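Below you'll find the structure, written out as structure tokens, and then a few comments.
The values are calculated or read from the model by the stated rules, or taken from the named source; none is laboratory data. None of the values given here were measured: they were computed from a predicted structure. We place every Cβ from the backbone using ideal geometry, glycine too, and count neighbours over all the protein chains shown.
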Amino acid sequence: MTRFIVRRVIQGIITLWVIVTLIFVLFFMTNPDPARLLAGKAATVTQVASIRAFLGLNKPLWQQYLGFLGRLIQGNLGESYKLHEPVTTLLGQWVQVDISLAVGAGIIWLVLGLSVGIIAARRPRTIWDRSATVFVLVGLSTPTFILGLLLLFIFFYILTTHGIDIFPSAGNYTPFFTNPAEWARDLLLPWLTLALITAATYARLSRSSLLEVLGEDYIRTARAKGLSERRVVYRHALRAAITPIVTQFGIDLATVLGGAIITETIFGLPGLGQNVVSAIGREDLPVIQGIVLVAAAFIVVANIIVDVLYAVIDPRVRLS
């Protein structure tokens, strides 16, 4: 197990190094002149040259690349061109929003998706199974922005118009440690927007995986021994069927942590997703680089954790 974890960590580091190199190539080698971009159109040649020297852009590319790697290793992602704050400070503020969004939405979509899938698998070709199929089709075919705007219209606009002020408007976010109740109130609609759509995928995966496992020989043997159906399903079958769900959950959770662009834009949440759109609009290269690296790191770490969990969840899996 230890050797496997070390090997996966090394692979993850190599993956991140490749991503860092691609980011350098994209933003430093293909951009005609970052110094001119930072100085503005009205800057003089002397001012542009001074900024270029300050950023080290007048050095050979290999020296710029080594300096870029060295700063990253030290945790220095530079300073925002437009906001004039360290990128690490900005990322620390924004990633809190995505963590809050991912935790709440992840719990909802996992519980809802697994519940629907298990009910459908235990009662195939019944009204419960058909209802689950409808739920999956609606969830997979509904765009995120449509559902988000619909929830805002119903639970904010209509209720507020009738004097029922339960849900806040878009653009409100309260940190958890400031006021947990307001934190949950501000994020409930974004949670539902992400969870209702994502849960459809988990319902489909859990249903198909559980149906396949329930047809295995050892499940028939367990039933022949007189074990209750509940114990057969939840103690034996579900543990083996949950492996693909763990994979999907790790990817989805890491994706939301890296920035749920559409959801954050609709509800005005100051997370990585909304801010990367703003950074692209103002051509703030250090911020874009930092958000891309953080999102990539979340994906890499999630994949390592998922691989390790395989052997813990399913005893039939052995790491080699």
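Some points to look at:
- Filter result (within 16 Å of Ala200 (Cβ to Cβ) and surrounded by 24 or more Cβ atoms within 10 Å (Cβ to Cβ)) within segment 252-262: Val256
- Filter result for Phe167 (part of a loop (DSSP other than H, G, I, E, B), out of contact with any Cys (no Cβ under 6 Å at 6 or more places or on another chain) and either among the aliphatic types (A, V, I, L, M) or surrounded by 14 or more Cβ atoms within 10 Å (Cβ to Cβ) (or both)): yes
- The listed residue being at pLDDT below 85, small (Gly, Ala, Ser) and farther than 23 Å from Val18 by Cβ, out of Gly268, Gly273, Gly259, Gly226: Gly226
- Number of the condition not met by Gly290 [criteria: (1) modelled with pLDDT of 85 or more; (2) surrounded by fewer than 16 Cβ atoms within 10 Å (Cβ to Cβ); (3) of a type in the set (Gly, Ala, Ser)]: (2)
- Taken as a whole, the condition of being among the β-branched types (Val, Ile, Thr) and touching a helix residue (DSSP H, G or I) at 6+ places or on another chain (Cβ under 7 Å) does not apply to Thr89.
- All positions within segment 58-88 that are among the β-branched types (Val, Ile, Thr), within 25 Å of Phe177 (Cβ to Cβ) and out of contact with any Ser or Thr (no Cβ under 9 Å at 6 or more places or on another chain): Thr88
- Matching helices (runs of 4 or more DSSP H) fully within segment 249-316 where at least 1 residues are over 26 Å from Pro168 (Cβ atoms) and either outside the structural domain of Leu26 (by TED's automatic domain parsing) or small (Gly, Ala, Ser) (or both): 272-281, 285-313
- Test set (1) out of contact with any Ser or Thr (no Cβ under 8 Å at 6 or more places or on another chain); (2) crowded, with 20+ Cβ neighbours inside 10 Å - Phe267 fails condition number: (1)
- Of the criteria (1) in contact with an Asp or Glu (Cβ under 9 Å, 6 or more places away or on another chain); (2) in a helix (DSSP H, G or I); (3) surrounded by fewer than 16 Cβ atoms within 10 Å (Cβ to Cβ), which one Asn172 fails: (2)
- Residue in segment 87-105 that is surrounded by 15 or more Cβ atoms within 10 Å (Cβ to Cβ), closer than 28 Å to Val213 by Cα, modelled with pLDDT of 90 or more and assigned by TED's automatic domain parsing to the domain that holds Arg235 present: yes
- Any helices (runs of 4 or more DSSP H) falling wholly within segment 64-154 and containing at least 2 residues that are under 21 Å from Ser278 (Cα atoms): 87-122, 144-152
- Inspection of segment 231-247 identifies at least one residue that is in a helix (DSSP H, G or I), under 30 Å from Leu22 (Cα atoms) and out of contact with any Leu (no Cβ under 7 Å at 6 or more places or on another chain).
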